[in-house]
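Remarks on the structure that follows.
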Amino acid sequence: MQCDLCKKGECSDGKDCLLLPAGDLSLYKEEDTAIHRAASLIEAEHYMKKTRVEELILFSREMGYETLGVAFCKGLFNEARVLCSYLRKHFKVYSVCCKVCGTPKVKLKLPRLTEDEKEVMCNPLAQARALKDNHTDLNVTVGLCIGHDILFNKHSKAPVTTLIVKDRVLAHNPAGALYTGYYHKLLQS
């Protein structure tokens, strides 16, 4: 599949490029269907009307979630604090910082920003474990580094959604690199 190269976009009109039997939804398990239904409901009722934070709250209510987890980067502490304050008006919320456990990078022989100072590693597996131990229904990531987000998602027991993607250069808006001529030239080289 290389849908990005498609010139017709006929899937929006119902064309099945995978050539699956008509109506084959065998990939969808019961939980998948419930999530899909809630997502479609939010889209249908609130299209272009609600922010991602508002959609997160509406979706979580629709799914019947009671306990949310927030796994965040220490560099986005303020954003995580504000998010959690909003979410706590509707749900029980547990949050866990990326530096949880305070493990020095040297223990895993990880590269450091500076060799002469002690650096604590990000610990996405401990973040996932902490939220699992608190029995979260849905986990939200806020600014986890690339790779750390992958590990967190891989080890999270609860489903995961991303609210903020880490991009230190573009104020956590990675799509900005796709819109500007400067980054377009830079990424083409």
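Results, tabulated for the structure shown:
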| quantity | calculated |
| --- | --- |
| From Leu83, Leu41, residue being surrounded by 15 or more Cβ atoms within 10 Å (Cβ to Cβ) and assigned to a helix (DSSP H, G or I) | Leu83 |
| In the range 129-185, the residues that are among the β-branched types (Val, Ile, Thr) and not in a strand (DSSP E or B) | Thr136, Ile146, Ile150, Val165, Val169, Thr180 |
| First in the range 37-62 and not assigned by TED's automatic domain parsing to the domain that holds Leu163, second anywhere and charged (D, E, K, R) and surrounded by 14 or more Cβ atoms within 10 Å (Cβ to Cβ), Cβ under 7 Å, 6 or more apart | Ala38/Glu62; Leu41/Glu62; Ile42/Glu55; Ile42/Glu62; His46/Glu55; Leu58/Lys50 |
| Residue satisfying condition, being loosely packed, with under 11 Cβ neighbours inside 10 Å and either within 30 Å of Thr136 (Cα to Cα) or modelled with pLDDT of 95 or more (or both), within set Gly23, Gly64 | Gly64 |
| Residues satisfying the stated conditions in the range 85-120, i.e. within 16 Å of Lys74 (Cβ to Cβ), at pLDDT 95 or above and of a type in the set (A, V, I, L, M, F, W, C) | Val96, Cys97, Cys98, Val100 |
| Count of residues meeting criterion [surrounded by fewer than 12 Cβ atoms within 10 Å (Cβ to Cβ), part of a loop (DSSP other than H, G, I, E, B) and not aliphatic (A, V, I, L, M)] in the range 1-20 | 8 |
| Filter pass, Met48 being at pLDDT 90 or above and touching a strand residue (DSSP E or B) at 6+ places or on another chain (Cβ under 8 Å) | no |
| Number of the condition not met by Ser95 [criteria: (1) assigned to a loop (DSSP other than H, G, I, E, B); (2) buried (at least 19 other Cβ atoms within 10 Å of the Cβ)] | (1) |
| Long-range neighbours under 7 Å by Cβ, at least six apart or interchain, first residue free of Cβ contacts under 8 Å to residues at least 40 places away in the same chain and assigned by TED's automatic domain parsing to the domain that holds Leu138 within the range 66-95, second part of a helix (DSSP H, G or I) and polar (S, T, N, Q) | Phe91/Ser60 |
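Every residue, every condition in (1) over 12 Å from the mean Cα position of the chain (by Cα); (2) surrounded by fewer than 17 Cβ atoms within 10 Å (Cβ to Cβ); (3) outside the structural domain of His172 (by TED's automatic domain parsing); (4) without any contact (Cβ under 8 Å) to a residue 60 or more places away in the chain, yes or no:
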{"site": "Lys99", "(1), (2), (3), (4)": "yes, yes, no, yes"}
{"site": "Gly102", "(1), (2), (3), (4)": "yes, yes, no, yes"}
{"site": "Glu119", "(1), (2), (3), (4)": "yes, yes, no, yes"}
{"site": "Leu131", "(1), (2), (3), (4)": "yes, no, no, no"}
{"site": "Thr136", "(1), (2), (3), (4)": "yes, no, no, no"}
{"site": "Ile150", "(1), (2), (3), (4)": "no, yes, no, yes"}
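The values are calculated or read from the model by the stated rules, or taken from the named source; none is laboratory data. Being a predicted model, the structure only gives us computed values, none of them experimental. As a convention, Cβ positions derive from the backbone with ideal geometry for all residues, glycine included, and neighbour counts pool all protein chains shown.
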